[in-house]
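Peer 1: Take this structure, written in structure tokens, and hold onto it; I'll ask about it next.
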Amino acid sequence: MDHPSQPSVRHFDHCPWLFADEATDEQRAAQRMVQRAVGGDTGIGERCYVAESAAVFPDRLRLGDDSYIAAHAYVTGELETGSHCTLNPFTTVRGNVALGHGVRIGAHTSLLGFNHSMAPDRPVFRQPLTSRGIRVGDDVWIGSQVIVVDGVTIGDHCVIGAGAVVTRDLPAWSVAAGNPARVLRDRREVRGVEATAASDPASASDPASASASASAPASASASASASAVSGIRPDDDRTPAGRPAPQPGPGAVAAGDPERAPRDRRAVQEATAVSAETAAGAEAPDLPGMRPGGGRTPATRPAVGTGPRAATLAAFADTARDQAAGLLDRCWDGERYVDRPGAAPTVRAHCDAVEIADLLLGAVPEHLSAEEHIGRLSGLQDPESGLVPEFGEPLPVADADGFIGEGAALYHVLCVGYALDLLGPGLPHPVRGVRNMTARQLVARLESLPWHTGAWGAGAWVDSLATAVHWNLRHDDGGGDNGHGTPESLFGWLLTRADPWTGMWGSPSAEEGRLQVVNGYYRLTRGSFAQFGLAVPHPERVMDAVLDHARDARHFGPGRENACNVLDVAHPLWLCAQQLGRGAGGYRSGEIRDWAERQLTTVLPRWQDGLGFGFGPGAAGPGPEPGLQGTEMWLAIVWYLADLLGRSDELGYRPRGIHRPEPTRQGIAGLS
């Protein structure tokens, strides 16, 4: 039908995306009055539209920029949205609901973030209300006439087909439909490419692909394919038009089981993944009865615990202990330690040798006495700056705020400090650039770190600074910072800058996904929250983001895992699980156990007899050849994976250095 040349308020109420370009000055003034008339604790962003015909009676409303509430929508309770969110006509949003950026909600859909109790001792209308809330991630398309019930979390990039009833959490990238809603596939799957996908019922044409009918601008078809949702990244940038959106590989298809996250079929086949019943706590298939290096576990080898799985972990640890002295000897060039034969001596190699000997042998590496180890490592620290340069390199030049920004000396704050901590005395001198840094200088440095382009580097810098604070606290009574309040400023800045949708710092990218963000999160929290025994913010959202990242086949496809990437998933999952509570009833515990079991199955056979572990494939880090760094890191990773399964006692070792699970101190000044 023809529309009048000047759209009416009724037209804008039903098509609010037209308002910014087509409204008259009088209509804009009237809209401002409508927004001011919304009651409750209300904050409405720029270029928003609230339909005059909508029933908006919130207790608290935060509407992000460029967001709309369309005709006859019904909004009560507490609603918070990111930018570019749309509640289409007749949408109902009640209770406690939070939406990320770029969320589209189709007409006649209900998000019910509250519930009635229903005890038999009184009539239903007299029952108290309860609310766990609904959380929706970024870039989510919810179709028409969908119902989402209280307590549900919908991950980033999900598409939910029309008429679905969502009763449980949906992992990121899910395409879901049905009553109750079931995960049909992963949006990142390349449709129609692989034969296995064509033969898989879950990857055939599904209801959500044809009938999502989610809200979209007028130019988008109401029956558009779910796979055609625009490539909006969580940081609101579009996937570059000239580059196809990265895919996790042709094997990544979604499981049909709604209780399980989509995952890469090839990874499942190679890693012999356990079933969903196992993840929930039922008896698991045995880990392969292989000792490191590929040989069968001798029948006479004693095992900690009972059963073949216990024997496998115990046998691995026994083999590692048996071979520890030999692999350390392999990396001693007669004068100093090298990561692997033929490599140049490094400070880190000496520290890795100390960590491995402590972990597996409860002793110092036998090439030097304890006093000689202490003397050599202590003598590396410059007494004026407190920094440790690499062998053969000059002392790094400090920046204007007194501390350095990059280079090996940043990591030496960690590895030399913890090696000397294991040996007894600790660092002999404070790290003076951190000790003298003011709170203002720290905040300026934090603001300048490359959070959006290099979150790993930013997190590594925080790790080094916070660890220096820890060592400095041992040297004086000024809080490790001459009374400047710098440590408190660090945690205050981190707590107020954490993204509430991921619990992390930094932005993902089309090229690497969440790799920089998750790896930076591990480094940052290792040195700050974990080291000081403080709770991390938004632990559930951290788990969501980390598990989403762990399904990215670019980094976790068969044969692609390196020590950094696996550790940087295992530790955050472990840290958040400790905070939220362990056991079968813990948040997403089944998926976490499943992932840990698969990783253990893959990792243990990679031990090479007499050589240890390689860091990982590719050019990252030291590479695939076995060496001290790969061995030290993977030994710690195996402990965390086993502990996620409640089985770390079977190993008979526990990290005490850089990768120790316990805090080194409890709180800082007034923080606890």
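The values are calculated or read from the model by the stated rules, or taken from the named source; none is laboratory data. None of these values were measured; they are calculated from a predicted model. All Cβ positions, glycine included, derive from the backbone under ideal geometry; neighbour counts span all protein chains shown.
Peer 1: Six or more apart or on different chains, Cβ under 9 Å: which pairs go from a residue in region 384-406 that's assigned by TED's automatic domain parsing to the domain that holds Val416 to one that's acidic (Asp, Glu) and assigned to a loop (DSSP other than H, G, I, E, B)? Could you list them?
Peer 2: Val388/Asp382; Pro389/Asp382; Leu395/Asp382; Leu395/Glu384; Pro396/Glu406; Gly405/Asp399
Peer 1: In this structure, is Pro626 buried (at least 16 other Cβ atoms within 10 Å of the Cβ), touching a residue at least 40 places away in the same chain (Cβ under 8 Å), in the same structural domain as Cys351 (by TED's automatic domain parsing) and not charged (D, E, K, R)?
Peer 2: yes
Peer 1: Looking only at region 390-427, filter to residues that are of a type in the set (Val, Ile, Thr) and part of a loop (DSSP other than H, G, I, E, B); which one of those is surrounded by the most Cβ atoms within 10 Å (Cβ to Cβ)?
Peer 2: Residues of region 390-427 of a type in the set (Val, Ile, Thr): 397, 404, 413, 416.
Now restrict to residues that are part of a loop (DSSP other than H, G, I, E, B): 397, 404.
Details: Val397: 8, Ile404: 21.
Ranking the qualifying residues of region 390-427, first place goes to Ile404.
Peer 1: Restricted to region 545-576, and to residues that are assigned to a helix (DSSP H, G or I) and among the acidic types (Asp, Glu), which residue is modelled with the lowest pLDDT? If you could, list the steps in order and put the result at the bottom.
Peer 2: Within region 545-576, the first condition is being assigned to a helix (DSSP H, G or I), and the residues that meet it are 545-550, 553-556, 563-576.
Subset that is among the acidic types (Asp, Glu): 548, 568.
Working: Asp548: 92, Asp568: 97.
Ranking the candidates gives Asp548 first.
Peer 1: Continuing with the same structure: Taking Arg104, is it at pLDDT 95 or above and of a type in the set (Lys, Arg)?
Peer 2: Working: at pLDDT 95 or above: yes; of a type in the set (Lys, Arg): yes.
Taking the combined requirement at face value, the residue satisfies it.
Peer 1: Only residues that are under 16 Å from Ala51 (Cα atoms) and of a type in the set (Val, Ile, Thr): list them for region 75-116, please.
Peer 2: Val75, Thr76, Thr86, Thr91, Thr92, Val93, Ile105
Peer 1: Given Val542, Val536, which one is in a loop (DSSP other than H, G, I, E, B) and modelled with pLDDT of 95 or more? Even if it seems obvious, please write down each step before you answer.
Peer 2: On the way: Val542 fails: in a loop (DSSP other than H, G, I, E, B).
Criteria check complete, one pass: Val536.
Peer 1: Now a separate question. Can you list the strands (runs of 3 or more DSSP E) lying wholly within region 1-112 that have 3 or more residues being in contact with a Leu (Cβ under 6 Å, 6 or more places away or on another chain) and assigned by TED's automatic domain parsing to the domain that holds Val165? Give the steps one after another, and end with the answer.
Peer 2: Details: elements: 41-44, 55-63, 74-80, 92-99, 103-105.
Passing ranges, in order: 92-99.
Peer 1: Here is a further query. For Leu387, state whether it is assigned to a loop (DSSP other than H, G, I, E, B), in contact with a His (Cβ under 8 Å, 6 or more places away or on another chain) and surrounded by 21 or more Cβ atoms within 10 Å (Cβ to Cβ).
Peer 2: On the way: assigned to a loop (DSSP other than H, G, I, E, B): yes; in contact with a His (Cβ under 8 Å, 6 or more places away or on another chain): yes; surrounded by 21 or more Cβ atoms within 10 Å (Cβ to Cβ): yes.
So Leu387 fits the description; yes.
Peer 1: What's the number of the condition His116 fails, among (1) under 29 Å from Arg588 (Cα atoms); (2) within 29 Å of the chain's Cα centre (by Cα)?
Peer 2: The number of the failed condition is (2).
Peer 1: I'd like the full set of residues that are surrounded by fewer than 24 Cβ atoms within 10 Å (Cβ to Cβ) and of a type in the set (S, T, N, Q), limited to region 87-109.
Peer 2: Matches in region 87-109: Thr92, Asn96.
Peer 1: Give region 39-82 a look and list any residue that's in contact with a Gly (Cβ under 7 Å, 6 or more places away or on another chain) and either polar (S, T, N, Q) or surrounded by 23 or more Cβ atoms within 10 Å (Cβ to Cβ) (or both), or say none.
Peer 2: If the condition is that a residue be in contact with a Gly (Cβ under 7 Å, 6 or more places away or on another chain) and either polar (S, T, N, Q) or surrounded by 23 or more Cβ atoms within 10 Å (Cβ to Cβ) (or both), then Leu61, Leu63, Ser67, Thr81, Gly82 are the ones that fit.
Peer 1: Looking only at residues in region 17-26 that are surrounded by fewer than 16 Cβ atoms within 10 Å (Cβ to Cβ) and not acidic (Asp, Glu), which one is nearest to Thr81 (Cα to Cα)?
Peer 2: Only one residue tops the list, namely Ala20.
Peer 1: Among (1) outside any loop (DSSP other than H, G, I, E, B); (2) surrounded by fewer than 19 Cβ atoms within 10 Å (Cβ to Cβ), which single condition is Val434 missing?
Peer 2: Just one mismatch for Val434, condition (2).
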